[in-house]
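All remarks here apply to the structure that follows.
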Amino acid sequence: MGKPHPLLHDSALPLQALGAEFPILAQAINGQPLAYLDNAATTQMPRQVMAAMRDFEEKERANIHRGVHTLSQRATDAFEAARATLKGFIGADKAHELVFTSGTTEALNLVAQGLWAGGPGKAWLRPGDRIIASGLEHHANLVPWQHAARMSGAELVILRPDAEGRLHLKDLEALLTPATRVLALTAGANATGERPPYEALLALAARAGALTVLDAAQAASHAVPHLSQIECDFMAFSGHKMYGPMGIGALAGRRAALERLYPLRLGGDMVDWVSYEAAGFAPLPARLEGGTPHVAGAVGMAAAAQFIDQTGREAIDAHVHALRAQAVAGLSQIEGITVLAPHATQSALVSFVAGGVHPHDIGTLLDERGIAVRTGHHCAQPLLEHLGLGPTTRASFALYNTPEEVDRMVAAVARALEMLR
């Protein structure tokens, strides 16, 4: 077990045993033990997830929904079992459905495009409508809304954060009008770590008659929202940010809202009937899952959800929060370092800038010491520009990270600044 750290919660995780479940971590990078602190981009997969995917590929692989043979039926059962597991993981009830996508980006595009692509008289978005997106968003929850506004004739307005990166209910109240049709919001800003009061913001928009869209990509690994307890019509998340495989994600939400979406992918498996002139779409969820899905990915994503629950959501949450607090405390002691959103204690990441030093240089020097962090705009350039910043360095934490790795990262940053200044 890793050395207990004073900032760790009493129910600290069995770090050594957990780390052993992630074979990729047992390697050296540039002669140093790997400290993987880029989990906001992609988490690593435990053996349990890889075994579930391998078992599917070796024993059940076939196309789903279209065959009467045994393997096709087994594959279909595995796919639908994965859907059921993930619906339970996010607290979906009978009013909800879950659609598999390639990830959060596709899920958010499915919503944004699906609300205007139905055409005149059918689409949810019409000329003169208002779309509100928060100023904390990843490009994946901003650019699709820019396009939706252009195509539908709606206007896009931004719920801007304050100078510290916080969102406020009163600012949303000021933007809501009878024409507001959508609020798009993140559950956790990937560039700063800010955790907005999304429950209250979604509820406020819903009372105004808007459809509500939540990007839960950064929350799924440690603080996944409970769908039936929030006013959320659409929630998007990815497998690769919750210890699952790449190339798989989900759009979950209220069935009534999902039924408003015009399908993004037209073709096989999403139709009831087809003639040369027209087609009738299948009911949910198939209606929004055209083409052959990533079945092994769905199986792996469900296994990842089970791994999280077996490990313990509260314990994971406490652990990553403690690592973040440790990192903020350490980095704040280094002269010239500015930590973004230091108040965001519910975050699993820390983002910072160092006066006169480019983040790419810091990231390169940390990599020489075996420490993997992310540098750049983190696909949130408008937010960083709003805060008067450029690119940052970001360290993000997962259940397998240790206090010793955080200490190594802080010391390496200090050493890098000594070399670069």
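The values are calculated or read from the model by the stated rules, or taken from the named source; none is laboratory data. Remember, it's a predicted structure, so these values are computed and weren't measured experimentally. Reconstructed Cβ throughout: ideal geometry from the backbone, glycine too, with neighbour counts over all protein chains shown. Please note that ligands, DNA and RNA were not included when accessible areas were found on the heavy atoms of the full protein model with its side chains. Shrake-Rupley method; radii C 1.70, N 1.55, O 1.52, S 1.80 Å.
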Checklist outcome for this item: Using alpha carbon centers only, segment 95-116 is separated from segment 266-318 by a whole-angstrom value of 10 Å
Item to check | Distance between segment 49-81 and segment 152-171 - C-alpha centres, whole angstrom | outcome: 44 Å
Checklist entry - Where the centre of each part is set by its Cα atoms, how far does segment 22-37 sit from segment 347-421, in angstrom? => result 17 Å
Checklist outcome for this item: With T = 4 °C, eta = 1.567 mPa s and Kirkwood Rh from C-alpha pairs, the Stokes-Einstein D of segment 51-309 in µm²/s is about 69 µm²/s
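Students sometimes get this wrong: rank 160, 74, 408 by accessible area, probe 1.4 Å, all chains present, largest first.
Numbers: 160 140, 74 115, 408 70 Å².
Accessible-area ranking of 160, 74, 408, largest first: 160, 74, 408.
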Checklist outcome for this item: Projected convex hull area of segment 248-354, Cα atoms, direction-averaged, in nm², equals 10.8 nm²
Checklist outcome for this item: Cα convex hull volume per residue for segment 99-184, in Å³, equals 102 Å³
Item to check | FRET efficiency estimate (nearest 0.05) - Cβ-Cβ, residue 146 to residue 17, R0 60 angstrom | outcome: 0.85
Next on the checklist: If I take R0 = 51 Å and measure r between the Cβ atoms of residue 266 and residue 368 in this structure, what FRET efficiency does the formula 1/(1 + (r/R0)^6) give, to the nearest 0.05?
Outcome noted: 0.55
Checklist entry - Tell me, what is the FRET efficiency for residue 203 and residue 162 to the nearest 0.05, using R0 = 22 angstrom and their Cβ-Cβ distance as r? => result 0.60
Item to check | Residues listed by number, segment 345-370, amide nitrogen under 16 Å from residue 411 label point at 7 Å toward C-beta | outcome: 366-370
Checklist entry - Over all distinct alpha-carbon pairs, what is the Kirkwood Rh of segment 256-314 in angstrom? => result 13.7 Å
Item to check | 273, 145, 124, 116, reordered so the largest accessible area comes first (probe 1.4 Å) | outcome: 273, 116, 124, 145
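Given a 1.4 Å probe and every protein chain left where it sits, what share in percent of the accessible area of the chain is carbon and sulfur?
53 percent
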Item to check | Gyration tensor over alpha-carbon atoms, segment 148-195, equivalent ellipsoid semi-axes in Å | outcome: 22, 14, 9
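If you scale each eigenvalue of the Cα gyration tensor by 5 and take the root, what three semi-axes come out for segment 129-276, rounded to whole angstrom and sorted largest first?
26, 21, 14
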Checklist entry - For the chain, what is the accessible area per residue in Å², given a 1.4 Å probe and the full set of protein chains? => result 41 Å²
Item to check | Over segment 51-309, relative contact order from alpha-carbon pairs under 8 Å, at least 6 apart, % | outcome: 25 percent
